[in-house]
Amino acid sequence: MKRNDLRNIDLNLLVVFEALIQERNVSRAAQKLALGQPAVSNALGRLRCLFNDPLFQRTGRAMEPTPRALLVAQILGPALDSVRHAIAHGDA
């Protein structure tokens, strides 16, 4: 994927993905993000299309990440931390 291709991706989905990885529950992720549960469910559907993977499998009340989701989380976590740092320290 080329850098210009990122313009076609809603980067807010990555924030939802991070909350889902942390919470492993759609309702709790929605609460954490101050979103409605349907909005997070919709975002999860879009994430599944983006990554061409189910990302999470329901096991009781929890959502277990797939191997692909765990790999994405390992890469995405530091990337989002870098973005947060760049924004917080952009004036320095």
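With respect to being in a helix (DSSP H, G or I), touching a residue at least 40 places away in the same chain (Cβ under 8 Å), surrounded by 15 or more Cβ atoms within 10 Å (Cβ to Cβ) and in contact with a helix residue (DSSP H, G or I) (Cβ under 9 Å, 6 or more places away or on another chain), residue 19 falls outside the description. Scanning the stretch 50-68 for residues being in contact with a strand residue (DSSP E or B) (Cβ under 7 Å, 6 or more places away or on another chain), of a type in the set (S, T, N, Q) and either part of a strand (DSSP E or B) or loosely packed, with under 11 Cβ neighbours inside 10 Å (or both) gives a total of 1. Screening the stretch 37-74 for residues that are more than 11 Å from residue 17 (Cβ to Cβ) and of a type in the set (A, V, I, L, M, F, W, C) and picking the one that is modelled with the lowest pLDDT gives 62. For the stretch 1-15, filtered to residues that are part of a loop (DSSP other than H, G, I, E, B) and among the hydrophobic types (A, V, I, L, M, F, W, C), the residue that is surrounded by the most Cβ atoms within 10 Å (Cβ to Cβ) is 9.
The values are calculated or read from the model by the stated rules, or taken from the named source; none is laboratory data. All values reported here derive from a predicted model rather than from experimental measurement. Please note: Cβ atoms are built from the backbone with ideal geometry, for glycine as well, and neighbour counts cover all protein chains shown.
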